[in-house]
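First up is the structure itself, then whatever we jot down about it.
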Amino acid sequence: MKKILPKALVKCFLLLLGAAFCVPVLFLLSGSLLSRYELQESLLPLMADQEQLITWNFWPAYPTFSHYGKILFQTPQFFVVFWNSMKITGCILLGQFFFAVPAAWAFAVYPFSCRKLLFTLYVVLMLMPFQVTMLSNYLVLDGLSLMNTHKAVILPAVFSTYPVFLIYRGFCNLPRGLIEAARIDGAGEWMIFTTIGLPLASGGILSAVVLGFLEYWSLIEQPLAFLKDQALWPLSLYLPEISLDQAGYSFVASVITLIPAIFVFLWGREYLERGIAASALKE
């Protein structure tokens, strides 16, 4: 009985915590369905800069999809920034697959000189925030005439060190005897990499993809620093541009922005857990 009671309390606490995290999502969903009049009435203290609390109805009295129609059919700018985000995120993840995965495989499998020193340098670079490397990135991109192009955002992210670290841990957990047996049987390095390395370390690779998508889908600092033309901006910079009197459009744009992130997270949740568990293991 004493053991059951603490478990029940823990479950209740976790349920309440989960419900609290769902409130912002419910707030967005209900706001996207509120009519213009209801939104103005609810947000009047905020819009008029009044010192009083706002009231909010999570279930609209007169639900409407007019804001969705306005965004999807009458706002071409939204589609421009949406596809900008798709392009930037997709190119970064594709580039990381072609560069980070082979780099992680080399660190994990081949005992070349200064390997530990070079990998330590990778870890140090991974710990540096964007603000530290922003000036050097700016100078390099400006020297290559890449400023104010999507390449200015894509290329630095493609060579990010974090996916190398995450995927490296997955490759380190591969049985060394299996790799040596494949070499004895005459398998080449490329065959070992594609038929043994990639399938067995898919958890770490896909977890890097999931974490990368969640990060690059909501980029703010890099596009703001390197993109001057608003037609090149991603979706994350378009949302703050929506004025308060168009709150309904802002709610709808936020909901649409949230959908791909939720879909990717639900799809890759299992791989994400496996990848994080693998990255926590020591060599």
| note | Residue set Ser218, Ser207; condition out of contact with any Lys or Arg (no Cβ under 6 Å at 6 or more places or on another chain), not hydrophobic (A, V, I, L, M, F, W, C) and not in a helix (DSSP H, G or I); output residue Ser218
| remark: Checked pairs for region 214-241, first at pLDDT below 85, second part of a helix (DSSP H, G or I) and among the β-branched types (Val, Ile, Thr), C-beta under 6 Å and 6 or more apart or across chains, list as Tyr238/Val81
| task | Kindly indicate whether any position in region 195-204 is under 19 Å from the mean Cα position of the chain (by Cα), of a type in the set (A, V, I, L, M) and either in the same structural domain as Trp105 (by TED's automatic domain parsing) or not in a helix (DSSP H, G or I) (or both). | result | no
| Taking into account only those residues within region 183-194 that are free of Cβ contacts under 8 Å to residues at least 40 places away in the same chain and part of a helix (DSSP H, G or I), which is nearest to Ala261 (Cα to Cα)? | Thr194
| said: Give me the residue from region 107-118 that is hydrophobic (A, V, I, L, M, F, W, C) and modelled with pLDDT of 85 or more and, out of that set, farthest from Ala225 (Cα to Cα). | reply: Val109
| What single numbered condition from (1) surrounded by 12 or more Cβ atoms within 10 Å (Cβ to Cβ); (2) more than 14 Å from Tyr249 (Cα to Cα); (3) modelled with pLDDT of 75 or more fails to hold for Leu39? | (2)
| request: Starting from residues that are in a helix (DSSP H, G or I) and hydroxyl-bearing (Ser, Thr, Tyr), keep the ones in region 54-87 and report whichever is nearest to the chain's Cα centre (by Cα). | output: Ser85
| query | Across region 194-213, what is the total count of residues that are of a type in the set (S, T, N, Q) and at pLDDT below 85? | reply | 1
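This table checks each residue for (1) exposed (fewer than 12 other Cβ atoms within 10 Å of the Cβ); (2) in contact (Cβ under 8 Å) with a residue 60 or more places away in the chain.
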residue	(1), (2)
Trp56	no, no
Phe65	yes, no
Gln77	no, yes
Val80	no, yes
Phe97	no, yes
Trp105	no, yes
Phe112	yes, no
Thr120	yes, no
| Restricting attention to region 176-193, which residues are at pLDDT 85 or above and under 29 Å from Val124 (Cα atoms)? | Phe193
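The values are calculated or read from the model by the stated rules, or taken from the named source; none is laboratory data. Quick caveat: nothing in here was measured; it's all calculated off a predicted structure. When we count neighbours, we look across all protein chains shown, and the Cβ atoms used for this are built from the backbone with ideal geometry, even at glycine.
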